[in-house]
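Read through the structure below, which is laid out as structure tokens, and then see the notes.
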Amino acid sequence: MNSINLDEVLRQFNIQYSAERYGNGHINDTYLIQSDEYILQRINTSIFKNPYELMENIERVTDFLRKKIINNGGDPDRETLTVIKTVDGKNCYQYDAHNYFRMYKFVTDTVTVENEKTNQILLNAGVGFGRFQKLLADFPAAQLHETIADFHHTPKRVEALKKAVETDAAGRAGGVKREIDFALSHAGFADVVVKGLEDGSIPTRVTHNDTKINNILFDKTTMEAVCVIDLDTVMPGSVLYDFGDALRMGASAAAEDETDLGKVWFSEEAFQYFAQGYCQEMGETLAASEINLLYIAPKLLTYECGIRFLTDYLNGDTYFKIHRESHNLDRARNQFQLVADIEKKEEALKGIIDSLIKK
Ligand code: ADP
Ligand code: GN1
Ligand code: MG
């Protein structure tokens, strides 16, 4: 990465300022252009094999959102990402075989939230992701490429874990038997959403698929959700994925990589606030089959993420960015602790959904 001449990349987007590393993502490399008007990202091509198709998805979705936002009297430059084309009119710039860059308008006067989640922020995040789904409810899903195949196919994620255990590429399986046992002994419910999508009882919709709370930009003064970002995985999926994944991070009392597991627990209160905001936007759009599974979605997505972290640890840390040795193992342990806690609270979560949506 050091050998990349960023000035050359910036010239391709007709930008005269310098760039500086920015943000906290696990996947792409993000830079703020010093004029504070643009965001530059190096697309992670070991994960996203076809950057032009990926960008085509993002252009289609953001164009669609832009029209709706304008019709609703909103500000499209703040409420959705805006793709900046290269001087050649392309949606990203290919620097060399492995390095592709894209440019967005910088959404000003916003902040992201990592760990300091208040009830108000959770309510607003629920509104933000709920509104995003509502606006995309009539987007023609067939227009989208599948940027990562079977992204939330939890049973296939379980199979990938089994394969990683067998292959044991990094020689680590012997040291994590307890975590592997936890993962495999809980695999019974892994198909709860996939089976509904496959038999048609759960509607396939266009969803975000990576609804970490830090993928929402909040207004820095009001803390209202302004813009949903990180659209790399917008694809056909289930609303349950987005609801569950947001709470995986949003309702955890601790950061995703907290190693003191005594601090890792699932907050019913946080669940209630997020669900309230989400249902305010999506309540009338949801099918009964979706409503019935909202309570279990956080457990499913937390479990799935835990097995993805464990699989990556076993594979030798080839997918998620890590910042210390065993980072992926710490993350997996953390997620499994959260799964165990959610399990104890399932009845309460069901009650919260029942009270929010009168069937
Ligand atoms: P990753 O896939 O690596 O998570 P993101 O697209 O989420 O990458 O971007 C990383 C961070 O950069 C975000 O959490 C946010 O802080 C910041 N960011 C990204 N796009 C914008 C934008 N258009 N305006 C303002 N900040 C942005
Ligand atoms: C990645 O890109 P980022 O940091 O928002 C990952 C998600 C995981 C998450 C775990 C494309 O999200 O699926 O849930 O890390 N994104 C991709 O923190 O794999
Ligand atoms: Mg992100």
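Could you check T147 against (1) more than 19 Å from G306 (Cβ to Cβ); (2) exposed (fewer than 14 other Cβ atoms within 10 Å of the Cβ) and say which number it fails?
Result: T147 fails condition (2) only.
Does D257 fit the bill of being in contact with a helix residue (DSSP H, G or I) (Cβ under 9 Å, 6 or more places away or on another chain), under 27 Å from S46 (Cα atoms) and crowded, with 24+ Cβ neighbours inside 10 Å?
When the stated conditions are applied, D257 does not pass them.
Just one of T221, T147, T211 is under 30 Å from D77 (Cα atoms), out of contact with any helix residue (DSSP H, G or I) (no Cβ under 7 Å at 6 or more places or on another chain) and part of a loop (DSSP other than H, G, I, E, B); which is it?
T221
Output the residue which, of all residues in the stretch 228-244 that are charged (D, E, K, R) and open to solvent by less than 10 Å² (accessible area, probe 1.4 Å), is farthest from ligand 2 (Cβ to nearest atom).
Among those that are charged (D, E, K, R) and open to solvent by less than 10 Å² (accessible area, probe 1.4 Å), it is D242.
Tally the residues that are within 17 Å of D260 (Cα to Cα), open to solvent by less than 40 Å² (accessible area, probe 1.4 Å) and in a loop (DSSP other than H, G, I, E, B), restricting the search to the stretch 319-356.
1
Specify which of the listed residues (D77, D36, D7, D63) is outside any strand (DSSP E or B), on the phi > 0 side of the Ramachandran plot and out of contact with any Gly (no Cβ under 7 Å at 6 or more places or on another chain).
So the residue among D77, D36, D7, D63 that is outside any strand (DSSP E or B), on the phi > 0 side of the Ramachandran plot and out of contact with any Gly (no Cβ under 7 Å at 6 or more places or on another chain) is D36.
Checking G316 against (1) of a type in the set (G, A, S); (2) under 30 Å from L135 (Cβ atoms); (3) over 21 Å from the mean Cα position of the chain (by Cα): exactly one of these is not met. Which one?
(2)
Of everything in the stretch 98-107 that's more than 8 Å from ligand 1 (Cβ to nearest atom) and not in a strand (DSSP E or B), which residue is farthest from L6 (Cα to Cα)?
Within the stretch 98-107, the match that is farthest from L6 (Cα to Cα) is H98.
Any residue in the stretch 84-113 that's under 17 Å from E37 (Cβ atoms): show its pairings with residues that are loosely packed, with under 13 Cβ neighbours inside 10 Å at Cβ separation under 8 Å, as long as the two are six or more apart or on different chains.
If the second residue must be loosely packed, with under 13 Cβ neighbours inside 10 Å, the pairs left are V87/N14; F106/D36; T108/D36; D109/K220; D109/T221; T110/K220.
The values are calculated or read from the model by the stated rules, or taken from the named source; none is laboratory data. If you're wondering where the values come from, they're calculated on a predicted model, not measured in any experiment. Here the Cβ is made from the backbone with ideal geometry for all residues, glycine too, and neighbour counts use every protein chain on show. What goes into the accessible areas is simple: the full protein's heavy atoms, side chains included, and nothing from ligands, DNA or RNA. Shrake-Rupley method; radii C 1.70, N 1.55, O 1.52, S 1.80 Å.
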